[in-house]
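Data first, discussion second: the structure below is written as structure tokens.
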Amino acid sequence: MIESAARLALVAERELEALVGVSSPSGDVAGAEECAALATAFLPPEVDIERPPCSTAGHAPDLCGRLRGSGSKRVLFLGHLDTVVAHAAHRPLEREGDRLIGSGSVDMKGGVALALGLMRELAARPDLYREVSVLLVNDEEWRTSGFAHIDQFAGFDACLCFEAGERTQDGDEAVIVKRKAAATLRVEARGRPAHSGSAPHRGRNALLALAAAAERVSAASDPVGPDRLTAVPTIMRSGDAFNVVPAAGELVCDLRADRVEAFDPVLAAVPEEHEGVRLDASLVRAWPGMDSRAATAGLVAAAAERLGRPIVASERGGASDASHVAAGGIAMTLDGLGPRGGGAHTPHEWVSAESLRTRAELALAVTAALLDA
């Protein structure tokens, strides 16, 4: 299969340009539908197309394409079509040397293009699998609820997720087998307004209460502890006028750890009240971690042998839908199969054109090792 990498990479660059040409910030139904239409057109005609409901209400339905064959293995290819870049900042794809620059290119339309190419390659080899499905969701970037698709793929043998790839410091190709759990902590403050010049003592300052809560959250951070917990206040909003004691506000914090349970002490560290200001803390998003090192060790070794160069099992702190799938029962979940690049979540995201070829080789080697096992 690896010999088809050059063809796959060439087509992937063209399809990446088309996908990036569509602005599809998370929650935008029109952009999501246009991307889904393109992805459907890029899939082989043998695919059965489904549009399951998105995990997040108000979003466009997700896209699922299924190939059925005469083999025994069932494999899921996983990706997302939504981005974090707003319409006003969207940048279509353009090439500068090896860099293919455009909004959503590395996170993760480059990976989507490779996954679609793999589906076309596998359409010609139905003897290799019982089913290969690609699932492209429209809410990965801003989902606060659970992942709605676990039951649809119960009993699948493996999941390959095409988030951005990477290399080690030694230049070896890497895949992701471990991710931290991630959560978003939100604190709402309700105090009392007052004139800040003539009667500040009558007010209850929501801004100061949120600042105290932020210090509590930050103090709970323990990056070298057993759970490698990081607790970072990232957003604080409070106040509407320069001469009024702020009566309300909001604090948002980013939490990462090896276990979801490690977030409980951070939540408990926020007091219910501070100097007369009511504080309501909650986790508005909590994604599980992923640790598929043991389950995927044999697959990574077999794929490296087919590839003819090392593949390193690596770790990443960022969240991914692969974590939901792994937690949902598909132990053999491998992530980071997409092309390499940088600038994620910015209009100037980029993908290395050269990596479309090398990562296509890697993805083909992993798929071949998986289906032949």
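Some notes on this structure:
- Residues within the reach of a label modelled at R125 (point 7 angstrom out along Cα to beta-carbon, backbone nitrogen below 20 Å), restricted to the range 58-81, are 65-78.
- Mean residue ellipticity (222 nm) of the chain, computed from DSSP H runs ≥ 4 via -39,500 (n - 2.57), nearest 500: -9000 deg cm²/dmol
- Global geometry of the range 182-286, whether rounded, prolate or oblate, following the gyration tensor of its Cα atoms and the 1.5 cut on a/c: prolate
- Sorted peptide list for 353-366, 257-270, criterion being average Cβ within 10 angstrom, highest first: 353-366, 257-270
- For the range 9-137: rounded, prolate or oblate by the Cα gyration tensor [a/c cutoff 1.5]: oblate
- Positive-end residue, the chain charge dipole about Cα centroid, Cβ charges, pick of S23, S352, L8: S23
- If R0 is 30 Å, the Cβ-Cβ spacing of E272 and H195 corresponds to a FRET efficiency of close to 0.65.
- Size-normalised alpha-carbon gyration radius of the chain, reference 2.2 N^0.38 Å: 1.09
- Ranked by how many other beta carbons lie within 10 Å on average, peptides 112-120, 229-237, 323-331 from highest: 112-120, 323-331, 229-237
- Helix axis angle, 110-123 relative to the chain longest principal axis, alpha carbon, degrees: 30
- Centroid-to-centroid, using Cα positions, the range 221-268 and the range 333-355 are 29 Å apart.
- Seen from A211, the other residues with C-beta closer than 13 Å to its C-beta sum to a net charge of -1, counting Lys and Arg as +1 and Asp and Glu as -1.
- Length gained on full extension, S218 to T40, computed as 0.36 nm times the residue gap minus the Cα-Cα distance: 59.6 nm.
- Unit charges on C-beta of K, R, D, E only; dipole of the range 182-286, Debye: 320
- Net charge dipole size for the chain [Lys, Arg +1 and Asp, Glu -1 on Cβ; Debye, nearest 20]: 320
- Mean separation of Cα contacts under 8 Å, 6 or more apart, over the residue count of the chain: relative contact order %: 23
- A Cβ-based charge dipole, computed about the Cα centre of the range 221-373 with Lys and Arg at +1 and Asp and Glu at -1, lands at about 700 debye.
- Going from the residue with the fewest nearby Cβ atoms within 10 Å to the one with the most, C54, C159 rank C54, C159.
- Relative contact order, whole percent, for the range 158-224 stands at 17, derived from Cα pairs under 8 Å and 6 or more residues apart.
- At R0 = 22 Å, FRET efficiency that the Cβ-Cβ distance of A30 and V232 yields, to 0.05: 0.05
- Using C-alpha pairs under 8 Å with a sequence gap of at least 6, the mean separation divided by the residue count of the range 182-286 gives a relative contact order of 42 percent.
- Antiparallel DSSP beta bridges within the chain, percent to nearest 5: 75
Each reported figure results from applying straightforward, stated rules to the coordinates on display, with no laboratory input. Quick caveat, the model's predicted, so the values are computed rather than measured. Note: ideal-geometry Cβ built from the backbone for every residue, glycine included; neighbour counts use all protein chains shown.
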